[in-house]
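*Asks:* The structure follows.
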Amino acid sequence: ASSARAQASAFGFEPIGIATDYDIHVPAGYQWKPLVRWGDALFSEAEGAYSPETGVSVEMSDKVFGENTDGMETFTHDGHTLLAINSEYVNPKINLPAASEGVPQSADEVTLLKNMQGVTVLEIAEGDDGYAVVIDSPYNRRITHETRMTMDGPAAGSDLVKTNADPEGMSPKGTMNNCGSGKTLWGTYLTCEENFNGYFGATGDYEETAGITRYGIGGEGRYAYEKFDSRYDLSAEPNEPNRHGWVTEIDPKDPTSTPIKHTALGRFKHENAEMVQAADGRIVVYMGDDERGEFMYKFVSNGTWAEGQPTDGLLSDGTLYVARFNDDMSGEWLALTPETTGMPLEEILVFSRLAGSRVGATTMDRPEWIAANPLRAEAYCALTNNKNRGVKPNAGGDETPVGGPNPRETNNFGQIVRWRPEGEDHGAETFTWDLYVMAGNPTVYDNSYAGSENVTEGNMFNSPDGMAFSSDGMLWIQTDGDDSNEGEFAGQGNNQMLVGNPETGEIARFLTAPNGAEVTGLTWSPDGTVAFVGIQHPGGSWPDGTGKPRSSVIAVWREDGAIFG
Ligand code: FEO
Ligand code: CA
Ligand code: CA
Ligand code: CA
């Protein structure tokens, strides 16, 4: 009881126990409600479009909130509050008629699946019942697999990104598998294209190059798009996959703006993009590549920036680095250049994984979100889990020896690595690192699988994934792991959101998700009194209590209206 009291005083709330039900739980003194659910209308013509039995029709599918909410950020503009929110992927069995059995049977069904993914920009406003979506706001916008985009940076316009439909290689269509997010210092949204490989398939022959293999491209597409749309057919458009897997910038303040794919930031399975600034004013973006045995990266701009200055070139001109972690708790950012890799610059950017292998980057336990502490020069990456560590390399990738920040062989629990750049400068090329937490289960194990000292019977969890700092310097941790509550996961319950104190290492459970769901995506209202939290792929009939389960963004606030986080 004394340690629970200490935690309560450290965080200002009484930590909650685990849950195994199909509901949300928050601490005493807090409330929650759904803010926007899959299928909720953005425009009045789509009000009532969602049916608990059949979901949403293809006609209304680009006028509603998409499925499987993920990363998101808050923006304020001219007195309006805007959210940009990713819809990572789609569950065909939930969206398509039962007769389709989860495989689209027509071009219309493909369009429905495409429209349920991508990015939503929407306006919210506070009324008597808290925040709600502003239907028909001129800022409301859907950005899908079909939205026209542009590219910049050294790989834009290169032969590697030219297709029959776009012989200039400058006008890609669509963004896909939008996972984590980022916010630029100048107030635009960064959406991160993660498992783009699964959208492409082949109806005929194609060449299995190293780039295709290393990125897991090929075989059958997960949604059979290639059968209805040749853009997704490797045998017709072998370069189309090279136009995806980028960090894409969207200006939520201008609904007519064209999203920009920034090739200078490299192409891999992007989790999120955490932007900070070097001591000399250069822009630094930290990025993870979420795959077993892949790497962590950072981009550093050539130009510098200060409030009010132009942003041209900041994300198109710079150096991409990949991380090497040494066993002595030191580390280096290795520049990926033609000199260090022997590869032309456009190949370094389009096939960044191959470039990282050439310079000896450290293979990681699936780098998910990276979050930078606003109060000191340090950053954290959630290494979610890795069942193959030490056993085998990923497809075409490097060996994955146990060591450094990846200390366990079979790693079903995950850990969070933290690094502090040399000289407290995010622009530095060296750093020191430690593990902020190694997740585990101290009630099942008494070895390294019990977890680090700050893991207890009262706060344990597995598979850290989403992370964000609140302005007070607290690290919020969201999980996407095994919620069976059985075996080595006994006592961990449903996926959850916890908060960690970077100074003391203390971690406390704040929220539990419905069974089946992961918790992913976190942002706050402009005044900091309301947290918006993403609940992806819930089970049961959450949150409606009847009909299909609906991924949703929820609002969470303190009953006394005080700021938290
Ligand atoms: Fe989309 Fe790696 O999570
Ligand atoms: Ca994730
Ligand atoms: Ca995950
Ligand atoms: Ca996910």
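*Asks:* Only residues that are assigned to a loop (DSSP other than H, G, I, E, B) and under 19 Å from residue 538 (Cβ atoms): list them for the stretch 89-113, please.
*Replies:* Residues of the stretch 89-113 that are assigned to a loop (DSSP other than H, G, I, E, B), as a first pass: 89-91, 96-97, 101-106.
Those that are assigned to a loop (DSSP other than H, G, I, E, B) and under 19 Å from residue 538 (Cβ atoms): 89, 90, 91, 96, 102.
*Asks:* Condition check: assigned by TED's automatic domain parsing to the domain that holds residue 183, in a loop (DSSP other than H, G, I, E, B) and within 16 Å of ligand 3 (Cβ to nearest atom). Does residue 492 satisfy that? Give the derivation first.
*Replies:* Details: assigned by TED's automatic domain parsing to the domain that holds residue 183: yes; in a loop (DSSP other than H, G, I, E, B): yes; within 16 Å of ligand 3 (Cβ to nearest atom): yes.
Yes, satisfied.
*Asks:* Here is a further query. Would you mention how many residues in the stretch 138-163 are surrounded by 19 or more Cβ atoms within 10 Å (Cβ to Cβ), more than 25 Å from the chain's Cα centre (by Cα) and either outside any loop (DSSP other than H, G, I, E, B) or free of Cβ contacts under 8 Å to residues at least 60 places away in the same chain (or both)?
*Replies:* Total satisfying the criteria: 1.
*Asks:* Right, here's the next one. Being surrounded by 18 or more Cβ atoms within 10 Å (Cβ to Cβ) and not in a strand (DSSP E or B) is the filter here; which residues of the stretch 42-57 pass it?
*Replies:* As a first pass, look at the stretch 42-57 and keep what is surrounded by 18 or more Cβ atoms within 10 Å (Cβ to Cβ): 42, 46, 49-50, 55-56.
If the condition is that a residue be surrounded by 18 or more Cβ atoms within 10 Å (Cβ to Cβ) and not in a strand (DSSP E or B), then 42, 46, 49, 50, 56 are the ones that fit.
*Asks:* Inspect the stretch 514-526 for any residue being under 21 Å from the mean Cα position of the chain (by Cα), under 13 Å from residue 18 (Cα atoms) and either within 15 Å of ligand 4 (Cβ to nearest atom) or part of a strand (DSSP E or B) (or both) and give the result as yes or no.
*Replies:* yes
*Asks:* Hey, another quick one. Within the stretch 529-539, identify whether any single residue is more than 16 Å from ligand 2 (Cβ to nearest atom), in the same structural domain as residue 119 (by TED's automatic domain parsing) and crowded, with 24+ Cβ neighbours inside 10 Å, and answer yes or no. Full working, then the answer.
*Replies:* First, the residues of the stretch 529-539 that are more than 16 Å from ligand 2 (Cβ to nearest atom): 529-532, 539.
Of the ones still in play, those that are also in the same structural domain as residue 119 (by TED's automatic domain parsing) are none.
So far as the stretch 529-539 goes, no, none of its residues is more than 16 Å from ligand 2 (Cβ to nearest atom), in the same structural domain as residue 119 (by TED's automatic domain parsing) and crowded, with 24+ Cβ neighbours inside 10 Å.
*Asks:* Out of (1) under 22 Å from residue 130 (Cβ atoms); (2) in contact (Cβ under 8 Å) with a residue 60 or more places away in the chain; (3) more than 16 Å from ligand 1 (Cβ to nearest atom), the odd one out for residue 531 is which?
*Replies:* (2)
*Asks:* Right, here's the next one. Among the numbered criteria (1) of a type outside the set (Lys, Arg); (2) in contact with a Pro (Cβ under 7 Å, 6 or more places away or on another chain); (3) within 30 Å of residue 80 (Cβ to Cβ), which single criterion is violated by residue 196?
*Replies:* Going through the list (1) of a type outside the set (Lys, Arg); (2) in contact with a Pro (Cβ under 7 Å, 6 or more places away or on another chain); (3) within 30 Å of residue 80 (Cβ to Cβ), residue 196 breaks only (3).
Okay, residues lined up against (1) surrounded by 23 or more Cβ atoms within 10 Å (Cβ to Cβ); (2) of a type outside the set (S, T, N, Q); (3) over 24 Å from the mean Cα position of the chain (by Cα):
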| site | (1), (2), (3) |
| --- | --- |
| 410 | no, no, no |
| 416 | yes, yes, no |
| 420 | no, yes, no |
| 450 | no, yes, yes |
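*Asks:* What's the number of the only condition in (1) surrounded by fewer than 24 Cβ atoms within 10 Å (Cβ to Cβ); (2) out of contact with any Gly (no Cβ under 9 Å at 6 or more places or on another chain) that residue 218 fails to meet?
*Replies:* So residue 218 meets the others, but not (2).
*Asks:* Of the residues that sit in the stretch 310-353 and are of a type outside the set (A, V, I, L, M) and part of a helix (DSSP H, G or I), which one is farthest from the chain's Cα centre (by Cα)? Spell out the reasoning first.
*Replies:* Taking the stretch 310-353 and keeping what is of a type outside the set (A, V, I, L, M), we get 310-313, 316-319, 321, 324-328, 330-333, 337-342, 344, 346-347, 351-353.
Pick out the ones that are also part of a helix (DSSP H, G or I) and you get 338-341, 346-347, 352-353.
On the way: 338: 29, 339: 32, 340: 29, 341: 28, 346: 25, 347: 25, 352: 19, 353: 19 Å.
The residue in question is 339.
*Asks:* Name the single residue, out of those in the stretch 164-188 being under 18 Å from the mean Cα position of the chain (by Cα) and among the hydrophobic types (A, V, I, L, M, F, W, C), that is farthest from ligand 4 (Cβ to nearest atom). Walk me through how you get there before you give the answer.
*Replies:* Residues of the stretch 164-188 that are under 18 Å from the mean Cα position of the chain (by Cα), as a first pass: 174-184, 188.
Still in the running and among the hydrophobic types (A, V, I, L, M, F, W, C): 176, 179.
Numbers: 176: 14, 179: 7 Å.
Filtering the stretch 164-188 for residues that are under 18 Å from the mean Cα position of the chain (by Cα) and among the hydrophobic types (A, V, I, L, M, F, W, C), the one farthest from ligand 4 (Cβ to nearest atom) comes out as 176.
*Asks:* Among (1) touching a helix residue (DSSP H, G or I) at 6+ places or on another chain (Cβ under 7 Å); (2) part of a loop (DSSP other than H, G, I, E, B); (3) closer than 30 Å to residue 479 by Cα, where does residue 39 come up short?
*Replies:* Result: residue 39 passes all but (1).
*Asks:* Might you let me know whether the stretch 353-367 holds any residue that is in contact with a Cys (Cβ under 9 Å, 6 or more places away or on another chain), over 21 Å from residue 403 (Cβ atoms) and within 16 Å of ligand 4 (Cβ to nearest atom)?
*Replies:* no
*Asks:* Of the residues in the stretch 223-235, how many are touching a Phe, Trp or Tyr at 6+ places or on another chain (Cβ under 7 Å) and surrounded by fewer than 20 Cβ atoms within 10 Å (Cβ to Cβ)?
*Replies:* Qualifying residue count, the stretch 223-235: 1.
The rows are residues; the columns are (1) touching a Gly at 6+ places or on another chain (Cβ under 8 Å); (2) at pLDDT below 95; (3) acidic (Asp, Glu).
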| position | (1), (2), (3) |
| --- | --- |
| 234 | yes, no, no |
| 238 | no, no, no |
| 265 | yes, no, no |
| 280 | yes, no, yes |
| 291 | yes, no, yes |
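*Asks:* Take the residues of the stretch 4-29 that are buried (at least 19 other Cβ atoms within 10 Å of the Cβ) and not in a loop (DSSP other than H, G, I, E, B): which is modelled with the lowest pLDDT?
*Replies:* Per the stated criteria, the residue is 7.
The values are calculated or read from the model by the stated rules, or taken from the named source; none is laboratory data. Just so we're clear, the structure is a prediction, and the values are computed from it rather than from any experiment. No Cβ is skipped: glycine too gets one built from the backbone with ideal geometry, and neighbour counts run over all protein chains shown.
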